[in-house]
Amino acid sequence: MTPETSIVLTVYNRALYLESAIQSVLAQTKQGFELIIWDDGSSDQSIDIAQHYATQDKRVRLIAAPHQGRVKALQSAMAKATGTYVGLVDSDDLLAPTALAATTALLNASPDVGMVYTNYMVIDEKGKLIGPGQRCTIPYSPERLLVDFMTFHFRLMRHSIYQQVGGFDTAFPYAQDYDLCLKLSEVTQIQHLAQPLYFYRTHPKSVSQEQRIEQIDYAGKAIATTLP
């Protein structure tokens, strides 16, 4: 049967956190999903960890590919998705057990909503809870999104809407998720689900820490592209 939801997880040398990320998806209370793991040419044990779960659980689809960078990996992985809804989980983060149940219920009940996003909690590199994420305290509006990236995690969107806006753009090696959300806000309704259903891990090797300046630069470019 075609799954209702596709969860995409791209990984590049995240063996330290990958198993926890995979387990958090597989522990969902809502069934009817597939987990697509795209390994972007990892040189650590990431591929072995992913292969273990792909062998043990039929919901897991593993694609091992040469290293091509995050955006191309995201594009390729999303192209494999077969669900009506698609969502992303970063390979060092965690999804709360009821995340899919809550977000799919909202989309099923609201045909005019193309994407739903939740609140998130921040954890440290050892998984210790730091506190609530600050981005999701900012009220959503398409206009405010041009200033603040509040549609952070967890996001579930209609696959058809993702395809309508052209998906991830290779012109944005950084801030590609912000660019995508800006494009979505131009064509569909976005709704905030004020429940903490995602655990965002902060650690020295995270993209947000290592490429902070590049993230800011490309976020500005995404805004400039959206403005008339």
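Could you state the accessible area per residue of the chain in Å², with a 1.4 Å probe and every protein chain left in place?
I get 46 Å² per residue for the chain.
I need the shape label for the range 57-126. Rule: rounded when a/c is under 1.5, else prolate if a/b > b/c, else oblate, with a, b, c from the alpha carbon gyration tensor.
Here the range 57-126 falls in the oblate category.
Express the relative contact order of the chain as a whole percentage, based on alpha carbon pairs under 8 Å and six or more residues apart in sequence.
Answer for the chain is 22 percent.
Viscosity 0.890 mPa s, temperature 25 °C: give me the Stokes-Einstein translational D for the chain in µm²/s, with Rh taken as the Kirkwood radius over C-alpha pairs.
139
Quick one: grab the alpha carbon gyration tensor of the range 129-197, order the square roots of its eigenvalues as a ≥ b ≥ c, and give me rounded if a/c is under 1.5, else prolate or oblate depending on whether a/b is larger than b/c.
prolate
Going down the list Lys58/Lys80; Lys72/Lys183; Lys80/Lys128; Lys30/Lys80; Lys30/Lys72, which pairs span over 26 Å between their C-alpha atoms?
Lys80/Lys128; Lys30/Lys72
Tally Lys and Arg at +1 and Asp and Glu at -1 over the other residues with C-beta under 13 Å from the C-beta of Gly83: what net charge comes out?
+3
Could you give the length gained on full extension between Gln68 and Val187, defined as 0.36 nm per residue of separation minus the Cα-Cα distance, in nm?
In short, 39.9 nm is gained.
Please work out how much length the chain gains when fully extended from Thr82 to Thr98, using 0.36 nm per residue of separation minus the C-alpha to C-alpha distance, in nm with one decimal.
Between Thr82 and Thr98, full extension yields an extra 3.6 nm.
What distance in nm lies between label points placed 7 Å from Cα along the C-beta direction at Ser110 and Asp148?
The two pseudo-label positions are separated by 1.8 nm.
Of the accessible area of the chain, with the probe set at 1.4 angstrom, what percent is carbon plus sulfur?
After summing per-atom areas, the C and S share lands at 53 percent.
The values are calculated or read from the model by the stated rules, or taken from the named source; none is laboratory data. Everything numeric here is computed off the predicted structure, so don't read it as measured data. Note that we place each Cβ from the backbone using ideal geometry, even for glycine, and neighbour counts take in every protein chain shown. Protein only, heavy atoms only, side chains kept; ligands, DNA and RNA dropped before computing areas. Shrake-Rupley method; radii C 1.70, N 1.55, O 1.52, S 1.80 Å.
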